[in-house]
Structures are given as structure tokens and as C-alpha cells.
1. About the Cα centre of the range 1-141, what is the dipole size in debye to 20, counting +1 per Lys and Arg Cβ and -1 per Asp and Glu Cβ, all else neutral?
2. Can you give the accessible area per residue of the chain, in Å², using a 1.4 Å probe?
3. Kindly identify the range 54-104 as rounded, prolate or oblate by the Cα gyration tensor criterion: order the square roots of the eigenvalues as a ≥ b ≥ c, call it rounded if a/c is under 1.5, otherwise compare a/b with b/c, prolate if a/b is larger, else oblate.
4. Between Y30 and E82, what is 0.36 nm times their sequence separation minus the Cα-Cα distance? Round to one decimal in nm.
5. How tilted is helix 5-26 with respect to the longest principal axis of the chain? Cα atoms for both, answer in degrees (0 to 90, nearest 10).
6. Using the Cβ atoms and a cut-off under 11 Å, what net charge is assigned to the surroundings of P130, where Lys and Arg are +1 and Asp and Glu are -1?
7. Please give me the summed charge of the neighbours of K87: other residues whose Cβ is under 14 Å from its Cβ, Lys and Arg +1, Asp and Glu -1.
8. Go through H4, G16, A29 and say which Cα lies farthest out towards the positive end of the charge dipole of the chain; charges sit on Cβ, +1 for Lys and Arg, -1 for Asp and Glu.
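The values are calculated or read from the model by the stated rules, or taken from the named source; none is laboratory data. These numbers were taken from a predicted model, which means no experiment stands behind them. When we count neighbours, we look across all protein chains shown, and the Cβ atoms used for this are built from the backbone with ideal geometry, even at glycine. SASA here: full protein model, heavy atoms, side chains in, ligands and nucleic acids out. Shrake-Rupley method; radii C 1.70, N 1.55, O 1.52, S 1.80 Å.
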Amino acid sequence: MHIHKYEKLWLILGTGTLIVFLATVGVSAYVQGNHPPSSLETIHPDMIDVTPPFDNPGVVQIGENEYEVNMVSLAYAYIPYEISVPKGATVHFNVVTKDVLHGFEIAGTSANFMVVPGHISKHTAVFNQPGEYLILCNEYCGLGHHVMNAKLEVTE
């Protein structure tokens, strides 16, 4: 069977690219231990109400200027609905869901991640501008998705 030299060139290029891609993924996953961030910690969705810190969601000061925000998402709300942190503080968000896949986006910031049932989703942010920030679900989660939001207040 005759294969044109340009076809051979493209086959070699495509195969080489695939080998480089698979080698990169393999080295990253098995040698460097990289995994998707949402898969690091798990929690059973039925046990969220009795598992600390999600049995008492809210803002907890964990350092001089460092806070942990533990939130629960469910159709179609975030618990707590309003949170407040001081300007310039390092804020660690821990978010879980009781039911379906949700999103967690703080509008106008880089905080944007999925909240997957059975996993603890985490994100760290620093808010240098005081004001009110809208937290919203950016993954369609059902008929009431459009009303799912919360408020983050960054104080002076």
C-alpha cells in the first residue's frame, strides 16, 4: 500500500504529539502527584449536617488576618446566605453540596469553581477592595438555579 509522503509526515507528527501529551499527563499524575483540586477531600452528602465544620457553616478566624469560610450549597441556596470578612484578609473557602452539581463564583473575582457532590471544593482568595460581592451558582442545577446566590461583604 502506497502512502503519500505528506500523509506519512502528518501521521508521524500526530503520533508524536499524542505520545508527548500522554507522557506529560502520566508524569504529572504519577510522578508529581497532581490531581484535580476537587478530588482531594471527600465527604458523604448525607453526613454534611453532622460533619464538622459543615454542621455549623460560617466564617471562622484561623489566623491573625486569615479566615476560613465553610459553606453548604443546596437547591437553590448557599448556607450561610451572607458572610463578612475584612479587607486584605486571606480567605479559604470550603464548599460542599448536599444534592447536585453546583457552581461557586464570586462575581468580579477569580473565585470560580465547581461544587461536586461527595467532594470538598476549596479556593483561597484575598479581597483588597471593600464592598459587596455577589456569590452565584454558575452550573445549571435545576429550575430554581437563577435565584441561587449569596452575599460576601468585605469590610474596611
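1. Details: 5 positive and 13 negative charges, 162 e Å.
Once rounded to the nearest 20, the dipole reads 780 debye.
2. Here the per-residue accessible area is 61 Å².
3. prolate
4. Value of the extension gain: 14.7 nm.
5. 40 degrees
6. On the way: positive: K87; negative: E132, E153, E156.
Overall, the nearby charge balance is -2.
7. -4
8. So the residue furthest toward the plus end is H4.
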